[in-house]
Amino acid sequence: MAEYIPDYVGTVTKYVFVESPSMTPGELALRAYEVSEGVLIKETCFGLQVTGEPESVDRLIEVIRAFDPPHIFVKDRGFPPGDPRRCRANLGGARPGYLGHEREFRILRYITHGLEELDRRGGEEAEPAPPTLEKRPLLDIKRLQELIDTEES
Amino acid sequence: MAKVFIYPATSLILSDLVARFGHKPLGAALGIRERIQTAGVDSPPLQITPEEPKRGLKYAAVEVPSGVRGRMAIYGPLLEEAEAAIIVTDADLAFGCMGCARTDELILFSLRQSGIPILELKYPANEEEGVQFVAAVKKFLDGLENGGET
């Protein structure tokens with residue numbers, strides 16, 4: 001078994017997603033470079049990946065978020081950017097995890113609307129009722145008997 | 001700042017909202033990062049070594065498949081650390097092989113047994129549900145004992 005020597009030890013990597021009508025990932029990257037101060041920034045089709053010391057990354061994220069708070073979303077990433085075990089340049093096809101991001105990306109506009117609306121209301125209006133979870137209807141005993149009879153005949 | 005476990009553990013929306021409202025999201029990336037940054041035996045792609053299923057014995061019985069125990073070695077410490085949890089119940093992106101599916105069931109079961117505050121939601125399907133979703137998450141996070149930082 002080969003020895004494993006990790007890269008980027010002690011750093012954190014975070015995804016920055018931008019879903020904004022007024023800012024592209026390229027513009028966000030340019031503005032992020034201006035305040036990067038040693039944080040590694042990689043531009044992607046959906047936003048950025050930022051890697052560096054935890055304090056530096058947190059500071060950079062705080063600055064980036066302020067550009068367009070309801071349209072910029074951040075999450076942690078386990079792998080550093082360009083890691084051959086994850087990078088599609090080595091694997092081909094979509095990066096593992098990309099499809100999950102794509103699925104949630106479609107919902108982001110509702111979250112953005114929620115953030116803007118709550119900010120606009122500012123606690124003045126009554127809070128909206130929490131979403132209710134639908135309970136699955138129980139199987140009726142007569143319906144069960146019908147199913148059993150159908151199966152047996 | 002409370003430590004909030006998120007399910008799906010890879011969720012962008014939940015991770016962002018928890019951090020945005022001043023708490024620490026506990027997701028899969030933290031467990032994976034710990035393994036990726038620890039020197040040892042090369043075991044690509046996730047650095048899950050034969051030691052992980054042994055560690056997973058703390059969370060699942062020995063007759064449980066090693067795939068579930070290996071995954072629980074990542075999620076188990078996060079579940080222990082969690083002070084609250086947010087669960088999205090209709091997350092169709094949280095699908096996977098049988099190992100992932102059974103691990104997800106065990107995670108949800110462990111969370112519900114742990115007695116920590118849990119918020120269960122569905123993903124919003126329109127703008128009004130988006131407002132409800134964000135308001136419910138904000139109210140839940142504001143109500144946690146350790147408070148938020150916003």
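Evaluated at 4 °C with a viscosity of 1.567 mPa s, what Stokes-Einstein diffusion coefficient in µm²/s does the stretch A:12-121 have when Rh comes from the Kirkwood expression over alpha-carbon pairs? Before the final figure, lay out each step's value.
Working: Rh = 14.6 Å.
Once the numbers are plugged in, D ends up at 88 µm²/s.
Would you please calculate the Kirkwood hydrodynamic radius of the protein assembly as shown over all C-alpha pairs and express it in Å, rounded to one decimal?
Numbers: mean 1/r = 0.0478 Å⁻¹.
The answer is 20.9 Å.
Pairwise over distinct Cα atoms, reciprocal of the mean inverse distance: report the Kirkwood radius of the stretch B:1-74 in Å, one decimal place.
On the way: mean 1/r = 0.0739 Å⁻¹.
The Cα-based Kirkwood calculation yields 13.5 Å.
Once fully extended, how much extra length lies between A:Arg106 and A:Asn90, figured as 0.36 nm per residue of separation less the alpha-carbon to alpha-carbon distance?
On the way: separation 16, 0.36 × 16 = 5.76 nm, distance 2.72 nm.
Here the segment from A:Arg106 to A:Asn90 would lengthen by 3.0 nm.
Based on DSSP H assignment, which helices of chain A show an axial Cα extent of at least 15 Å together with a mean Kyte-Doolittle hydropathy greater than or equal to -1.0? It would help to have the intermediate numbers written out before the result.
On the way: long enough: A:54-67 (20 Å, 0.28); A:108-121 (20 Å, -0.98); A:141-152 (17 Å, -0.83).
Result, helices passing both filters: A:54-67, A:108-121, A:141-152.
Kindly provide the pair-distance distribution of the stretch B:1-148 built from C-alpha pairs, with 5 Å bins from 0 and whole-percent values in order of increasing distance.
Spelled out per bin, shortest first, that is 2, 9, 19, 21, 19, 14, 9, 5, 2, 0, 0.
Scan chain A and hand back the longest stretch that contains none of the trypsin sites (Lys or Arg not before Pro) lying in DSSP loops with at most 10 other Cβ atoms within 10 Å. Write down the numbers at each step before the final one.
Details: sites that count: A:Arg106, A:Lys135.
Result, exposed sites excluded: A:1-105.
Expressed in nm to one decimal, what extension gain is obtained for the pair A:Thr44 and A:Arg120 from 0.36 nm per residue of sequence separation less their Cα-Cα distance? Before the final figure, lay out each step's value.
On the way: separation 76, 0.36 × 76 = 27.36 nm, distance 3.13 nm.
Residue separation times 0.36 nm, minus the Cα-Cα distance, leaves 24.2 nm.
Residues with amide H under 5 Å of A:Tyr4's amide H, sequence separation 5 or more or different chain, H placed in the peptide plane at 1.01 Å from N; which?
The list, which skips near neighbours in sequence, is B:Gly40, B:Val41, B:Asp42.
What does a probe at B:Lys24 reach in the stretch A:34-62, counting residues whose amide N is under 14 Å from the point 7 Å along Cα→Cβ?
So the set is A:54-55.
Rounded to whole Å and sorted largest first, list the principal axis extents of the Cα atoms in the stretch B:67-114.
Taking max minus min along each principal axis of the Cα atoms, the stretch B:67-114 gives 28, 25, 15 Å.
Set the Förster radius R0 to 51 Å, insert the Cβ-Cβ distance between A:Arg31 and A:Asp149 as r into 1/(1 + (r/R0)^6), and round the FRET efficiency to 0.05.
Details: r = 68 Å, r/R0 = 1.34.
So, using R0 = 51 Å, E works out to roughly 0.15.
Ranked by Cβ crowding within 10 angstrom, fewest neighbours first, how are A:Tyr33, B:Tyr123 ordered?
Values: A:Tyr33 12, B:Tyr123 23.
So the residues, fewest neighbours to most, are A:Tyr33, B:Tyr123.
Values in this text are rule-based calculations from the coordinates and carry no lab data. Quantities reported herein were computed from a predicted structural model and do not represent experimental measurements. Reconstructed Cβ throughout: ideal geometry from the backbone, glycine too, with neighbour counts over all protein chains shown.
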